[in-house]
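Engineer: Before anything else, here's the structure in question.
Nothing in this text is a laboratory measurement; each read-out follows from the coordinates by a stated rule. Note that the structure is predicted; figures quoted are calculated from it, not measured. All Cβ positions, glycine included, derive from the backbone under ideal geometry; neighbour counts span all protein chains shown.
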Amino acid sequence: MPAAVQWIQVQNSPGKCSAMRSTSLHRSGLGSQHLRATQHLRETQHLREIGRVLIAVGLLWIPSGSRAAESGARVFQVKPMPVLEAGIVIGRHQDFGYSNLVTIVDSDLTDGAVESLPSSARDYTRMFHFTVLANVVREEQGEKKPFQLEKVGIGFAMEINSQMVVVSAAKAGDLGADLGMIGKGVLRGNEDCLPEIVEVARTNRLVIFDAEANMLIGQLHEKRIIRHLIWVTPENGKLGLLVWQLKALDTEEKASDFQLDLPTMNIVRVGVAEKRRIHVTKGGFLGMFPKPEQFALVSLPPGEVIEVPEKMRAVAGKRTFTLGDLQLLVDGVKEAIAARKMAQQNAGQTSR
């Protein structure tokens with residue numbers, strides 16, 4: 001790819017080319033039958049309240065009981081995320097087999113040495129929008145017919161005739177996009193990066209995928225992994241999105257797990273545009289040909305910040321997941337979100 005357009009890859013993909021367990025309540029073994037009954041009643045009420053909160057924020061589903069134990073050693077295959085077909089119109093994506101917009105990214109050069117870049121840099125940064133779509137369906141079997149996450153796809157969209165359309169370099173012209181040689185090169189470079197955004201775990205109600213990105217750490221640009229968890233609530237079909245930041249360990253063993261880089265994670269709103277701020281550093285003498293390492297995300301996708309619970313930390317950075325690992329992660333996520341929701345409810349009651 002020409003050096004003049006290679007840099008722009010950092011802007012548009014969240015990868016390196018861009019940059020429940022319920023609360024356990026145990027009986028205390030009190031001697032009095034009356035006290036035991038009272039304790040049991042309180043526990044039952046507490047569990048019901050926890051249950052309401054978990055349903056409200058979206059339950060993550062993992063097999064339980066003997067079935068989970070038998071398959072706990074199963075290892076999920078790491079593989080590229082499915083890519084969206086060119087021609088899907090955002091806003092009418094239901095007509096193309098996707099019920100939900102998960103996120104669409106609006107990138108902009110906002111911080112650092114922005115003025116040192118060519119005047120066209122911001123235009124190309126804004127041209128292509130990293131997009132995630134999902135299709136939620138009801139299961140055919142069973143009386144309750146819970147919702148499941150049938151498919152999730154990633155790609156790039158751009159504005160064509162006042163509509164946001166998923167594009168590819170091969171079909172952009174047929175869709176009405178006038179990219180020119182440089183624009184097509186930028187899009188092709190971004191497409192080349194999509195296989196590096198990898199699915200690390202998948203069930204019929206959730207998917208976890210990783211994207212490598214340059215992140216602004218202090219005043220430096222350093223590589224990090226942004227881990228995404230998308231899930232569907234089986235009772236109502238609502239989607240949730242959670243992201244957290246990981247770091248590769250300083251080791252020659254490439255198969256080693258990642259390290260949790262921040263003590264918090266973000267609950268990101270689903271179905272809205274994400275404003276992505278890009279930090280820029282000055283280049284050398286040939287500053288008119290910027291390099292990928294000059295660009296970095298200022299922060300994780302914005303959202304409600306919650307702490308990473310202790311029980312989740314051991315598995316949050318797993319490079320590959322067994323079903324048992326995934327169960328631990330889901331337990332931690334559910335506990336963290338439920339605790340946050342209950343804290344919000346309590347704060348609301350106190351303020352009345």
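Engineer: Would you please name the residue that is nearest to Glu212 (Cα to Cα), looking only at residues in the stretch 294-327 that are of a type outside the set (A, V, I, L, M, F, W, C) and in contact with a helix residue (DSSP H, G or I) (Cβ under 6 Å, 6 or more places away or on another chain)?
Structural biologist: Lys318
Let's see how each residue does on (1) hydrophobic (A, V, I, L, M, F, W, C); (2) part of a strand (DSSP E or B); (3) crowded, with 18+ Cβ neighbours inside 10 Å:
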position: Glu140; (1), (2), (3): no, no, no
position: Gly155; (1), (2), (3): no, yes, yes
position: Val165; (1), (2), (3): yes, yes, yes
position: Asp178; (1), (2), (3): no, no, no
position: Asp192; (1), (2), (3): no, no, no
position: Pro195; (1), (2), (3): no, no, no
position: Val200; (1), (2), (3): yes, yes, yes
position: Val207; (1), (2), (3): yes, yes, yes
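Engineer: Lys291 fails exactly one of the following numbered conditions: (1) within 30 Å of Thr110 (Cα to Cα); (2) surrounded by fewer than 16 Cβ atoms within 10 Å (Cβ to Cβ); (3) in contact with a strand residue (DSSP E or B) (Cβ under 9 Å, 6 or more places away or on another chain). What is the number of that condition?
Structural biologist: Exception for Lys291: condition (3).
Engineer: Let me ask something else. Among the numbered conditions (1) closer than 22 Å to Leu241 by Cα; (2) part of a helix (DSSP H, G or I), tell me where Val136 comes up short.
Structural biologist: (2)
Engineer: State which residue is nearest to the chain's Cα centre (by Cα) when the search covers only the stretch 80-105 and only residues that are among the charged types (D, E, K, R) and either buried (at least 16 other Cβ atoms within 10 Å of the Cβ) or within 18 Å of Ala177 (Cβ to Cβ) (or both).
Structural biologist: Within the stretch 80-105, the match that is nearest to the chain's Cα centre (by Cα) is Glu85.
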